[in-house]
Amino acid sequence: MSEYLLEVKDLNKHFDTPKGVLRAVDGVSFTLEKGKTLGIVGESGSGKSTAGRTILRLLEPTSGTVLFEGKDITKLSRKEMRAMRKDMQIIFQDPFSSLDPKMPISRLIGEPLLQTGMGKNKKQMEQRVLELMETVGLPPRLYNAYPHELDGGRRQRVGIARALALDPKFIVCDEPVSALDVSIQAQILNLLKQLQRERGLTYIFITHDLSVIYYFADEIAVMYLGKIVERAPAEELFAHPMHPYTQALLSAIPEPRLNSTRKRILLKGEITSPIGLPKGCRFAPRCEKCCENCTQVEPELVEVTPGHFVACHCPLAYE
Amino acid sequence: MLRYFVKRVLTLVPILLVVAFLVFWLMGQTGDPARTMAGETATEEQLEMMREELGLNTPIAVRFGRWLSDAVLRGDFGESLYGKDCWQEFALRFPHTLKLAIASILLTVVIAVPFGIISAVKQNSWVDTLLSSTAMLGLSMPTFWMGMLLIVLFSVQLGWLPSGGDDGSIYSLLMPMFCSAVNNAALVTRMTRSSMVDQIRADYLRTARAKGVSEKKVILKHALKNALIPIITTIGTQLSFLIGGTTVIETVFSWPGVGSYTVASIRSNDFMPATCNVVLISILTAVILLVVDMLYAFVDPRIKARYKRG
């Protein structure tokens, strides 16, 4: 039995497209302790959502292993995997499209209970659904409401209640607040934090919003084109970003200060096509610090200072 | 909900009135009933007398008003040229048409919905290709041609099934039912497939899978229920067509239904039964479409909410 709740080793998810193989997740490895939060950040198309879904086997991994409490879930049969979903859940990004419009809230939250036979007794199930609704701050009068009657924040609360229904140990939060108004974002984030404290939940928190992740995560992994390019504890990463990409991302956080003198690093061009990647570092075409070596050899993720990993030939030194 | 229903029924009244008037007027334009009754050799005086007798010289609005009040108040839809009561003639034939319509639509649903679902779930596999091309074949095969082929095979060659008529047994029903179901089933298969394909990519199916819902339930409970609206619409429209009597099928299989009777009446310039049939069928069609609209509410809570608002 390992000390980690989740251990991901060399996870790959490749899609065959007419243009070639798309490496959406390319050799991702990390570990996650119980009760902690790993933030995964990156721009659109960096493979962070795909990584989250592949870890839960909502997408079948191409290769690699995912150890959950020491058990390799990539080897489980469909049926065993369904049973496993009790422990590992996901909160989706879009609370509008991820809820079945034909089902009332009671069914949306209660369905997982039915699946595992925990909802055999009608009375008990109703009780449990109402409890869950209370936990996430939904008034009981919405018990029979349909998703279209709720606003985005409440829908997301339904999504969270649904994920909590089976008392999972681990939840992938896939951009849970990016579709919501800023005022509601804070409510949902606080709710997630509070749930983590009360229930000892372990999160993977996927987002492109760095200010959110700083508040939320214990450790942060920065993804670029399917690869983790830098991983460090949150404080450390924000204080001493080493990868040029991380630096560029951090410099893009808006600062509520007039006459800010901070230099913005503007990335050139769009994210490179993930199909038919060039030799060498995949960030090289957009990198300010790109050197000869970068276009030839792909850098490995190495531990530069304790707990701080970076995949770059010329990591930026401490400033 | 009830308010919406009542409102819908009330809006039907003017629509049906306009339809009835149009049919009444158009039928009157197709020929001269007096000429038909009196025969080719009749003199102009005889014709004039005949017109006077039939009331054809009064303005169309007056004639329509009279016909309508007779029909609505006394259930008297007029008589055919052969002196038969139009309503009775309709009532005699309608059960045959209804039987065929219901049998055919049931067969359509039983074949087409599962085929469509399988096609969508196994999208782009060989099963999908097979089912889709079968549907395409069914859609493009002319009904009368298939009907004749069936008669040649099962009635003439094998002698298993009667070639026409309705003797009340399942045997006489089989071929017409199958024949009129093929086209519809093909269309419903394609409709189900495309509607399901849209749903299969929906985010909430992923949510259902994440919940640990079994694949069968994901497809039937989440995807199918959301895909139902266009399927119900298609089937409802088809049923309303079938209720009007599928002229071609009724003719090929000498089925004693409303469709073949209406066409025969029109062909022989028999003004009254043709009008009566078309108007009655319009009413039935409108009612079926209304029922379909009400069904939406049971399938989709969002539509129900809209209906509730009136």
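Nothing in this text is a laboratory measurement; each read-out follows from the coordinates by a stated rule. This one's a predicted model, so the numbers in the text were calculated from it and none came from an experiment. Neighbour counts run over all protein chains shown; Cβ positions are idealised from the backbone, glycine included.
Computed quantities for the displayed model
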| item | result |
| --- | --- |
| Full-extension gain in nm, B:F5 to B:S69, via 0.36 nm per residue minus C-alpha separation | 20.5 nm |
| Overall form of the range B:90-308 per C-alpha gyration tensor (a/c, 1.5; a/b vs b/c) | oblate |
| Degrees separating the helix B:258-267 axis from the principal Cα axis of chain B, which is the longest one | 40 |
| FRET efficiency, 1/(1 + (r/R0)^6) with R0 56 Å, evaluated for B:L26 and A:S44 via beta carbons | 0.40 |
| Cα-based shape type of the range A:219-319, given that a ≥ b ≥ c are square roots of the gyration tensor eigenvalues and the cut on a/c is 1.5 | oblate |
| Candidate aspartates and glutamates - alpha carbon under 18 Å from B:K308, same-chain residues fewer than 8 apart omitted | A:E149, B:D293, B:D300 |
| Length released on extending from A:R107 to A:K263, taking residue separation times 0.36 nm less the Cα-Cα span | 51.0 nm |
| Long-range amide H partners of A:E298 with built H, under 5 Å | A:G280 |
| Lys, Arg +1 and Asp, Glu -1 on Cβ, resulting dipole of the range B:44-193 about Cα centre, debye, nearest 20 | 1020 |
| 5 angstrom amide H check on A:V229, placed H, neighbours 5+ away | A:V222, A:M223, A:Y224 |
| Farthest positive-ward along the protein assembly as shown dipole, Cα basis, beta-carbon charges - from A:V41, A:L22, B:N57 | A:V41 |
| Under 17 Å from A:K123, Cα to Cα: aspartates and glutamates that are on another chain or at least 8 residues apart | A:E111, A:E131, A:E134 |
| Cβ-derived FRET efficiency at R0 30 Å, A:V302 paired with A:E60, nearest 0.05 | 0.50 |
| Relative intensity, log₁₀ I(q)/I(0), of chain A from a Debye sum that treats every alpha carbon as a point, q = 0.07, 0.13 Å⁻¹ | -0.30, -0.99 |
| Distance between modelled label sites at B:I170 and B:I303, nm, 7 Å Cα→Cβ extension | 3.3 |
| Tilt relative to chain B, helix B:170-200 - C-alpha long axis, 0 to 90 degrees, to 10 | 50 |
| Flagged links, alpha-carbon separation over 24 Å, of A:K13/A:K75; B:K7/B:K221; A:K86/A:K122; A:K34/B:K216 | B:K7/B:K221; A:K34/B:K216 |
| Residue order, fewest to most beta carbons within 10 Å, for B:F5, B:F241, B:F253 | B:F5, B:F241, B:F253 |
| Of the GluC sites (Glu not before Pro) in the range A:259-316, those whose Cβ has at most 13 other Cβ within 10 Å and which sit in DSSP loop | A:E270, A:E288, A:E300 |
| Sorted by Cβ neighbour density within 10 Å, fewest at the top, the residues B:E40, B:E52 | B:E40, B:E52 |
| For the range B:136-263, size of Cβ-based charge dipole, Lys and Arg +1, Asp and Glu -1, in debye | 1000 |
| Residue-count net charge about B:C276 - beta-carbon cut-off 12 Å; Lys, Arg +1, Asp, Glu -1 | -4 |
| Label point 7 Å beyond Cα of B:S254 along Cβ direction - residues of the range B:134-159 with amide nitrogen under 20 Å | B:144-159 |
| In degrees, nearest ten, helix B:271-299 long axis to first principal axis of chain B (Cα) | 20 |
| Residue among A:P104, B:S172, B:I105 farthest towards the positive dipole end of the protein assembly as shown, charges placed on Cβ | A:P104 |
| Longest DSSP-loop-exposure-free segment, trypsin sites (Lys or Arg not before Pro), chain A, at most 14 other Cβ within 10 Å | A:121-256 |
| Sum of -39500 (n - 2.57) over DSSP H runs of 4+, divided by residues of chain A (222 nm, nearest 500) | -8500 deg cm²/dmol |
| Proximal lysines relative to A:K263, as straight alpha-carbon distance under 19 Å, when same-chain residues fewer than 8 apart are discounted | A:K289 |
| Phi to ³J(HN,Hα) by Karplus 6.51 cos²θ - 1.76 cosθ + 1.60 over the range A:232-248, Hz, x for Gly, Pro | 7, x, 3, 4, 4, 5, 6, 6, 10, x, 10, 7, x, 5, 4, 4, 5 |
| Electrostatic dipole magnitude of the range B:90-308 [Cβ: Lys, Arg +1; Asp, Glu -1; Cα centre; debye, to 20] | 1140 |
| Rounded to whole Hz, the Karplus (6.51, -1.76, 1.60) HN-Hα couplings of the range B:121-127, x for glycine and proline | 5, 9, 3, 6, 8, 5, 4 |
